[in-house]
1. Take the residues in segment 320-365 that are at pLDDT 90 or above, among the β-branched types (Val, Ile, Thr) and surrounded by 14 or more Cβ atoms within 10 Å (Cβ to Cβ); name whichever of them is farthest from LEU295 (Cα to Cα).
2. Do you know which residues across segment 264-310 are in a helix (DSSP H, G or I), at pLDDT below 80 and within 26 Å of ILE95 (Cβ to Cβ)?
3. Would you confirm whether or not segment 38-45 contains a residue that is buried (at least 19 other Cβ atoms within 10 Å of the Cβ), assigned to a helix (DSSP H, G or I) and under 23 Å from the mean Cα position of the chain (by Cα)?
4. I need a count of the residues in segment 313-365 that are assigned to a helix (DSSP H, G or I), acidic (Asp, Glu) and either in contact with a helix residue (DSSP H, G or I) (Cβ under 6 Å, 6 or more places away or on another chain) or farther than 30 Å from ASN89 by Cβ (or both).
5. Being among the hydrophobic types (A, V, I, L, M, F, W, C) and in a loop (DSSP other than H, G, I, E, B) narrows it down to one residue among VAL69, VAL49; which is it?
6. Could you check PHE5 against (1) surrounded by 15 or more Cβ atoms within 10 Å (Cβ to Cβ); (2) modelled with pLDDT under 90; (3) assigned to a helix (DSSP H, G or I) and say which number it fails?
7. When the residues of segment 165-203 are filtered to those that are surrounded by 14 or more Cβ atoms within 10 Å (Cβ to Cβ) and outside any strand (DSSP E or B), which remaining residue is modelled with the highest pLDDT?
Amino acid sequence: MQLDFFPSRTLTVYLAKMFLLRIVAVLMMLVLVLMMLDLLSSSGDILAVPGNGQGELLTYAGLRIPQLVQRFLPYSVLLATLITLVTLNQNSEVIAMKAAGLSAHQVLAPLLLTALVLSGLSFVFNERVVTRATATLSAWDAADFGPIPLDSGVRANVYVTDGSNVLTARQVTGQGTDVALTGVTFYRRSDQGTLAEQIEAPRARFAGPGWTLLDATRFDVGSASTTQTDVVTVAPSIEPSQFDLANIEPDAVPFWQLGTSIDAYREAGRRTSEMQAKWWHKLSGPLAAFLMPLLGAIAAFGLARSGQLFVRAIIGMALGFAYFVVDNAALALGSFGGYPPFLAAWSPFILFFLIGETVLVRTEE
């Protein structure tokens, strides 16, 4: 195998431009279709809020599109790889390149280089744009698509423990003793560990000690009775500082800040496996785009007239989608502690890189 992966500048630019145009086209198609489907399911909840209209729908789309781009860029690269390589094969351009002395790796090199550049851009886009959009959208969703909270310290869907009891809040704002909870539910367990009482309240404030729930509704599990209580104080052992570390959404925190949060969790004696796995995956995830041309490379080779081109394209697509399945499964296992975080984030990439290289070398090199 020749070591000069870019023997022709003209050929490199030609293949890279062709590949990039197809990636953009496929990504735009996927994002537009999925955004329309998303709006069909979410527009009712958004417009149900008094005062919301077309502007809020556009705001929702503006926050959701970066998430769709992040998620479906690797799929777009995979589909663009198959389209590009099948087209080159059908037009006998691959045969011409191999007849000129190019190896399979040299044919793929421009595509891999383009995908690697896209992986770097994807990482920057994810950490600078997607994290902010995710944080804002989570806070807006927690407010039932009401006015978007302006406080950048808003946390959504937070829970902390008071011994065996659990205090949850749909939204947390403020810092220190000025922290405010909305959409509060307190679950009180019995000595046997079963649920004994559930208390719900629209808001709560720090009572020092404990938390005062206002306009609360109490449900007693034993008697199956419901009572209304103007004021009730619960969870005396929970301090306001616990809410600062109560719920950190890794997808809404940039890479460099998430590392600091992991250190703070570790010092507090909290479990960090999920955040560590997501931290490593912020590096390995964007590299999925780099992997797709290698997994789809099988569609580039073999004679188009042999009738096997369609089968090769299906195999390339199957390899690409198998990677996403294994990647999601490994990340889930890493979050629950089944895998070490580093292994959960990087093992799918390394495994399928080796599979792709093995298939390419054994069949074409």
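The values are calculated or read from the model by the stated rules, or taken from the named source; none is laboratory data. Treat the numbers as computed from the prediction; the structure is a model and nothing was measured. For neighbour counting, all protein chains shown are included, and Cβ atoms are generated from backbone atoms with ideal geometry for every residue, glycine included.
1. VAL326
2. Within segment 264-310, ALA299, ALA300, ALA304, ARG305, SER306, LEU309, PHE310 qualify.
3. The answer is no; no qualifying residue exists.
4. Residues in segment 313-365 being assigned to a helix (DSSP H, G or I), acidic (Asp, Glu) and either in contact with a helix residue (DSSP H, G or I) (Cβ under 6 Å, 6 or more places away or on another chain) or farther than 30 Å from ASN89 by Cβ (or both): 2 in total.
5. Checking each option against the conditions leaves just VAL49.
6. Status for PHE5: all satisfied but (3).
7. Restricting to residues being surrounded by 14 or more Cβ atoms within 10 Å (Cβ to Cβ) and outside any strand (DSSP E or B), the top hit is VAL179.
Table: residues versus (1) within 27 Å of PRO286 (Cα to Cα); (2) outside the structural domain of GLY316 (by TED's automatic domain parsing).
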{"site": "ASP4", "(1), (2)": "yes, yes"}
{"site": "GLY55", "(1), (2)": "no, no"}
{"site": "LEU85", "(1), (2)": "yes, no"}
{"site": "LEU118", "(1), (2)": "yes, no"}
